[in-house]
Amino acid sequence: MGHSKETTQSEQQLNALSRVLQRLREGDTVAIETIYAYLTTCFAFDLVWIGLYDRIEHRLFGKGGKSTIKDAPFLKQRFTLTPGDILEQVVIQQNPLTLPDLRAEQRANEWRKFAEKANIQGTVVFPISFKDRCYGVAIVGSSLWGNFPRPEEQSLISIALGEFAATLESAEKEWKRQQIKQLDRPMLSMLSELRSLLNFEQRLDRVIDQTQNFVQPARTSVYWFERTRRYFWRRATSQKGTRLIDDSSGLTIQEMSSFYQALQADQVVAIGESMSLIKADITLRVMEFIRARSLIAAPILYQNELLGFLTAESDESKIWQDEDKQFMKAAAQMLALVSPLEGMETTIEQVKLDQALTAKIAQAIYSTGDGVTALQNAANLLNQRLKVDRVLALAYDPDQDAFEVRYQTQPKYKRPLPSWFASLSPIDWQMLEKQSTAIAIENLEDDLRFAAWRTPLLEMGVRSLLVCNTAPEKSVESLLILANEAPRSWNQSEGEFTKIAAQQIGIVLRQWRLQQQNDQQQKIYQTIQWGLNTIQQTQHLDLLEKSALQYIAQLLEAPMAVLVAWSAGRRVGRIVQSNQERKFNIDPVLKVSIETDIFLHRVLAHDGILSVSIDEIPIETRQWLNAPGIGQLLAITLRTAPEHEPTAILLVADSLGRQWLDRQLTVLNTLVAQLAWSRRHLIVAEVLKRDRDRLERLSWYKHRRLEDMYRSVKFSASRLSELAQNDARQAQFVRQIDDAIEPVRQVIRDEQWQLTVRNETVQMIGLVRRALDRVEHLLKQRQLWSQVHHEINPMIFGDITKIELVLYELLLIACQRANPGGRIDIWCRQIDVEWMEIAITDDGTIEPRLIEELEAGRAVDLLAPTTLDKPPGLHLAICQALMQQMGSEFNLYKLDDGRIMSRLVLPIG
């Protein structure tokens with residue numbers, strides 16, 4: 001039975017909850033009364049209280065309830081939440097809180113005292129929350145200690161309170177919706193009315209009336225901007241009988257700079273209790289002028305040109321609603337759209353005048369071939385139209401990274417501006433390149449644009465600028481600047497006129513620059529031509545190096561040019577310098593190590609010109625590069641062909657911070673290349689001349705000695721012939737001597753200064769035997785075993801004497817190279833019917849480079865050291881050249897088994 005009773009009670013509670021939820025959703029009764037009735041009738045609580053949460057004030061509003069004390073005013077009080085109390089804990093955490101005895105709870109504050117009076121002990125504090133947002137709390141309590149609702153009852157109460165919170169959220173949304181002003185109807189009505197009005201003044205009054213009705217301030221006004229004198233005056237107002245401010249007085253831009261800048265940026269300015277974001281002193285001046293304590297100001301902007309502003313003014317401090325600000329902005333935009341109709345005729349007339357004046361500027365520019373005169377004519381016409389104090393034409397110089405003033409005008413008794421303007425910041429560059437119109441600066445003191453020019457311009461009294469790229473929306477090459485010495489507002493027509501004039505002036509500046517570049521190139525070409533001719537005509541190496549250094553230093557406008565030179569294959573270099581200034585002179589040093597100097601190795605590894613500061617030079621290098629004035633260096637290797645080994649490095653130096661122009665570096669590359677070839681030519685010519693002189697002397701000496709020897713032997717043979725007239729054996733011996741020295745006579749007669757080929761035939765074996773006889777002593781001395789391998793004995797055709805000498809030379813080198821006790825093999829083999837091969841093999845060792853260089857021939861770089869410069873490589877190279885001259889071959893190989901083979905290919909007779 002007990003179980004059945006419990007079930008019946010649970011069903012009753014669920015039915016009651018269902019009815020409560022339905023009533024809350026239908027909204028037929030007051031929601032708080034519904035939830036109060038549910039808590040008091042369905043549960044036996046001694047205390048029921050509901051409080052709604054105020055988020056702004058962070059407090060609870062008591063909505064009454066039930067307690068053991070009748071008509072308790074405490075239940076309808078406002079309770080401010082403090083950190084740590086139980087009510088704030090429930091509001092923040094949004095979880096139910098159970099208290100066994102409310103009277104003993106120290107964090108209950110006022111509720112603890114009330115619990116003592118009403119004898120409330122067991123208490124539960126429920127949050128009224130929906131979607132993580134708290135709308136209040138509900139407190140239920142009992143007079144018994146620790147007497148709480150059962151868990152299922154707490155769940156039912158939480159469900160009911162959750163639905164109650166959802167009802168409160170819906171009510172709050174509906175209330176907010178009703179508070180929002182509708183902008184569409186008054187806007188559509190105003191548009192319809194503006195279309196039917198005849199003039200701008202009527203339209204102005206209609207916008208003011210509609211704004212007054214919607215925003216409902218103390219008054220609505222329109223302030224108009226006087227561009228020439230730069231102040232605002234009240235043109236119209238909703239408050240009849242108010243004196244309009246005209247030309248006699250007004251609010252100047254200087255008095256409202258930040259307010260004015262905000263309007264220029266198309267921002268709605270609201271001044272109320274928070275006094276807006278405008279500076280306090282400027283806000284105070286604006287409010288004094290308008291005679292209001294709070295206001296909304298919306299800019300009237302047409303094509304980025306500020307015409308004035310629309311205000312809603314209040315005599316009391318007020319926080320303006322977003323709807324009011326949106327309506328004000330839309331109304332101001334409507335005024336901007338209808339404003340051009342006011343001065344349409346004046347605008348058309350001004351456009352015609354500007355077109356005529358633009359044509360005059362073009363005519364003034366193209367009617368003269370002189371750039372200065374053309375710019376002067378254009379500046380006069382610009383002054384005539386715009387009444388400016390200064391006109392400047394600037395051209396950007398990428399070499400200097402600055403703007404050069406190509407032309408400027410200034411008022412009488414005023415100094416001209418500096419001839420160079422610093423480069424601009426990246427932001428200013430981007431602005432100039434992307435802007436399609438002229439950039440207007442009304443007051444340079446209040447504007448952060450063109451910060452690089454700000455100080456020099458302000459020092460010269462300039463306060464306002466109109467800056468225009470001569471090629472709009474393209475990279476900056478030149479600029480036209482109009483400057484005023486008083487703050488000035490520039491309108492759109494002035495900007496358009498300046499843009500057209502700037503494009504015309506840009507053509508003049510471009511032609512001027514091209515002419516200057518052409519003159520510079522011509523001058524550089526003439527200078528290079530003179531330098532190249534000087535270098536090419538110099539026939540002495542020392543004079544060439546010093547003359548080239550002086551010329552390079554002069555051309556690069558550098559105080560120091562130094563050459564570090566060395567001979568090919570050498571490890572030590574010498575210093576050549578030709579400097580005038582003492583602080584750029586290098587103190588003499590004994591030597592410069594090419595092999596160990598790190599900086600020189602860096603220059604040699606670098607392709608082109610290396611630019612470094614003195615701080616990058618190693619300490620070891622500074623031991624010889626010791627001129628005290630060196631700060632910045634250019635270093636370049638003197639190179640000719642890729643296969644040629646460099647033999648010099650050029651160093652050009654100046655003070656720290658020196659920057660060289662690109663055209664100077666181009667010229668330096670050209671001159672260095674010519675210097676490298678001329679220098680190499682002189683060195684090669686000198687080496688060849690030295691070798692030729694030496695060989696000529698040697699040839700003359702040997703030839704004369706050979707003549708003496710021949711005469712001496714011939715004379716001795718003739719005396720022996722006289723003595724041996726009766727002795728047949730001695731007579732034969734004398735004839736043998738004559739036969740032996742007969743070839744010497746032919747050499748003396750036919751080969752004094754050049755070789756002569758005399759073709760003969762001889763048996764191969766005889767040729768080889770005679771060559772072996774020449775080295776017989778060396779074979780015995782080194783205990784070498786020799787053997788000739790052959791199957792046939794053909795006749796060899798050619799200059800037999802020279803072939804025998806070559807064969808002898810090859811056998812001699814092979815014997816010297818072979819290991820003692822080794823062997824020499826001579827292999828004779830017929831290749832075909834025309835050619836015979838004689839190959840000499842030995843077991844000696846040879847430098848691999850010798851075989852490679854002998855096969856490749858003489859090195860292309862005649863100055864580079866090689867194994868063919870001295871014996872045995874020199875003798876082998878001579879043999880090879882001699883055989884080639886006679887139409888035969890000589891090659892040197894290293895066989896796979898390690899033996900060395902000297903191979904001759906000879907013609908068969």
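The values are calculated or read from the model by the stated rules, or taken from the named source; none is laboratory data. Worth saying up front: this structure is predicted, and the values here are computed from it rather than measured. Backbone-built Cβ (ideal geometry, glycine too); neighbour counts: all protein chains shown. In case anyone asks, the SASA skips ligands and DNA or RNA and just uses the protein heavy atoms, side chains included. Shrake-Rupley method; radii C 1.70, N 1.55, O 1.52, S 1.80 Å.
The C-beta contact set for the stretch 654-670 (first residue within 15 Å of Ile524 (Cα to Cα), second residue open to solvent by less than 80 Å² (accessible area, probe 1.4 Å) and assigned to a loop (DSSP other than H, G, I, E, B), distance under 6 angstrom, 6+ apart or interchain) comprises Leu661/Asp399; Gln664/Leu556; Leu665/Ile609. Report yes if Ile86 is of a type in the set (A, V, I, L, M) and at pLDDT 85 or above, otherwise no. Yes; evaluated as a whole, the condition is true for this residue. More than 24 Å from Gln529 (Cα to Cα) and of a type outside the set (D, E, K, R): is that true of Ser678 in this structure? So Ser678 fails the test. Every condition in (1) surrounded by 19 or more Cβ atoms within 10 Å (Cβ to Cβ); (2) at pLDDT below 85 is met by Ala676 except one, and the failing one is (2). For the stretch 679-702, a residue qualifies if it is in contact (Cβ under 8 Å) with a residue 40 or more places away in the chain and open to solvent by 70 Å² or more (accessible area, probe 1.4 Å), and the qualifying residues are Glu686, Leu688. Is it the case that the stretch 107-114 has a residue that's surrounded by 20 or more Cβ atoms within 10 Å (Cβ to Cβ), in contact (Cβ under 8 Å) with a residue 40 or more places away in the chain and not hydroxyl-bearing (Ser, Thr, Tyr)? Scanning the stretch 107-114, I find at least one residue that is surrounded by 20 or more Cβ atoms within 10 Å (Cβ to Cβ), in contact (Cβ under 8 Å) with a residue 40 or more places away in the chain and not hydroxyl-bearing (Ser, Thr, Tyr), so the answer is yes.
Could you pull out the residue among Ile524, Ile500, Ile528, Ile507 that is assigned by the TED database to the domain that holds Asp446, over 30 Å from Gln261 (Cβ atoms) and hydrophobic (A, V, I, L, M, F, W, C)?
Ile507
Residues that are surrounded by 15 or more Cβ atoms within 10 Å (Cβ to Cβ), assigned to a helix (DSSP H, G or I) and basic (Lys, Arg) within the stretch 740-785 comprise just one, Arg774. Starting from the stretch 382-401, take each residue that is more than 13 Å from Ala501 (Cα to Cα) and list its partners that are among the aromatic types (Phe, Trp, Tyr) and open to solvent by 40 Å² or more (accessible area, probe 1.4 Å), counting only C-beta distances under 8 angstrom and pairs at least six apart or across chains. Taking only residues 6 or more apart or on different chains, the pairs are Ala395/Trp512; Gln400/Trp420. For Arg705, the stated conditions hold: it is assigned to a helix (DSSP H, G or I), farther than 24 Å from Val562 by Cα, at pLDDT below 80 and open to solvent by 40 Å² or more (accessible area, probe 1.4 Å).
Among the strands (runs of 3 or more DSSP E) confined to the stretch 786-875, the ones with at least 3 residues that are of a type outside the set (Ser, Thr, Tyr), surrounded by fewer than 17 Cβ atoms within 10 Å (Cβ to Cβ) and in contact (Cβ under 8 Å) with a residue 12 or more places away in the chain are located at 823-830.
Please list, ordered by residue number, the strands (runs of 3 or more DSSP E) wholly in the stretch 94-151 having 2 or more residues that are closer than 18 Å to Ser67 by Cα and small (Gly, Ala, Ser).
Numbers: elements: 97-99, 123-130, 133-141.
Those strands (runs of 3 or more DSSP E) span 133-141.
Yes or no, residue by residue, for (1) of a type outside the set (Gly, Ala, Ser); (2) within 17 Å of Ala653 (Cα to Cα); (3) open to solvent by 70 Å² or more (accessible area, probe 1.4 Å):
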{"residue": "Arg582", "(1), (2), (3)": "yes, yes, yes"}
{"residue": "Phe599", "(1), (2), (3)": "yes, yes, no"}
{"residue": "Val603", "(1), (2), (3)": "yes, yes, no"}
{"residue": "Leu610", "(1), (2), (3)": "yes, yes, no"}
{"residue": "Ala627", "(1), (2), (3)": "no, yes, no"}
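How many residues does the stretch 466-524 contain that are in a strand (DSSP E or B) and surrounded by fewer than 16 Cβ atoms within 10 Å (Cβ to Cβ)? It would help to see each step written out before you state the result.
Pass one, the stretch 466-524, residues in a strand (DSSP E or B): 466-469, 478-484.
With surrounded by fewer than 16 Cβ atoms within 10 Å (Cβ to Cβ) added as a condition, the list becomes none.
Residues meeting the conditions: 0.
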